[in-house]
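The values are calculated or read from the model by the stated rules, or taken from the named source; none is laboratory data. Here the structure is a predicted model, which is why all the values come from computation and not from measurement. Heads up, the Cβs are rebuilt from the backbone with ideal geometry, glycines too, and the neighbour counts pull from every protein chain shown.
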Amino acid sequence: MSKPSKTLVLTAGSLGDCVLTLPALQILQTQGPVTVAGTWPYVQLGSSLLNVEQVIPFEAILQILHSDSALDESFWGGFSDLCLFFKDKDDKIIERLKPFKGLTIHQPAEPFEEFLKKEKWAGDYWLQLVQPNRPQTETIPTARLNITKEIKERGALLCEFLGVTNPLVIHPGSGSPAKNAPLSFFRKAAEKAVQESGTDVLVIWGDAEFNNLSEIQETFNGLEKVKVLPDLLMLRDLPAILSQARGYLGNDSGVTHLASACGIRTFAVFNTTDSRIWGPQEAIILAATQTLYK
């Protein structure tokens, strides 16, 4: 891909998908300003954390492209390159944007399902789109959020409010129950962290854990120096808290990818998924076994 003067990226996906696209997004940003039209994780994290020029909502753009209304030339004509970070081709978008002769459209060379059969790291799918001629021996850039001084200061204030200092952060859930280690495993990990190092432990949860929140609270109830997050955090506050953490333990989840992208020591339990494909780049992978759970 030649160096664009201004790039628009259309991307849809979960929090984990968002972090997996980070290396590709940040390579594009080194070549010129990047506007990301993304789903809620991109919008919540925002341009500063993602280290791109601008983030706008994906749904509104997609609705326009899938309608028959005229396209705003002042918007679409302002970009020289459009990167479709989709797992399958969308011929409707290609057809709609054909009149913009100055806009070069880039999309993956193969469906995502075909790529997965190669058992390569999933983030490389997007890297191949932005760097199609990258040598296979070249080191893959690490997914990193832009953790600023302001983010760290906010994290310190949030931790002070929660009554923890440089905690071990534990996230015992994920988007799929099949991925989760038993809650007893995370309780034992919390107990061990307190006993061996006297560290504070902060147990976090999100929308996926809301229905079994009472079970999570009961699991960690009564443990010294262990605090369960009292209220749901906004996604943009998670990197702030993680920036203050001494470590993180979780299942295969978007939050685990987020923790790794914050640059903290990350331990990830892989129960049913392949860590070679879906694992955070720098996480310490814990294979789910009966021995691990004892």
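Structure notes:
- Selected residue (criterion: surrounded by the most Cβ atoms within 10 Å (Cβ to Cβ)) from residues of the range 241-286 that are among the acidic types (Asp, Glu) and under 23 Å from residue 50 (Cβ atoms): 252
- Among the candidates 112, 85, 75, residue that is over 30 Å from residue 262 (Cα atoms) and among the aromatic types (Phe, Trp, Tyr): 75
- Condition check for residue 144: part of a loop (DSSP other than H, G, I, E, B) and within 24 Å of residue 282 (Cβ to Cβ): yes
- Test result for residue 43, in a strand (DSSP E or B) and among the aliphatic types (A, V, I, L, M): no
- For the range 265-280, filtering for residues that are in contact (Cβ under 8 Å) with a residue 24 or more places away in the chain and in a loop (DSSP other than H, G, I, E, B) leaves 6.
- Considering the range 46-62, and only residues there that are part of a helix (DSSP H, G or I), hydrophobic (A, V, I, L, M, F, W, C) and out of contact with any helix residue (DSSP H, G or I) (no Cβ under 7 Å at 6 or more places or on another chain), the residue that is surrounded by the most Cβ atoms within 10 Å (Cβ to Cβ) turns out to be 58.
- Against the criterion of being outside any loop (DSSP other than H, G, I, E, B), in contact with a helix residue (DSSP H, G or I) (Cβ under 9 Å, 6 or more places away or on another chain) and at pLDDT 95 or above, residue 36 qualifies.
- Residue 128 meets each of the listed conditions (1) more than 21 Å from residue 257 (Cα to Cα); (2) of a type in the set (S, T, N, Q); (3) without any contact (Cβ under 8 Å) to a residue 40 or more places away in the chain; (4) in contact with a Pro (Cβ under 8 Å, 6 or more places away or on another chain) apart from (1).
- Only residues that are assigned to a helix (DSSP H, G or I), exposed (fewer than 14 other Cβ atoms within 10 Å of the Cβ) and either at positive phi or not polar (S, T, N, Q) (or both) were counted in the range 63-93, giving 4.
- Considering the range 5-23, the residues that are in a loop (DSSP other than H, G, I, E, B), in contact with a helix residue (DSSP H, G or I) (Cβ under 7 Å, 6 or more places away or on another chain) and within 14 Å of residue 36 (Cβ to Cβ) include one that is modelled with the lowest pLDDT, namely 12.
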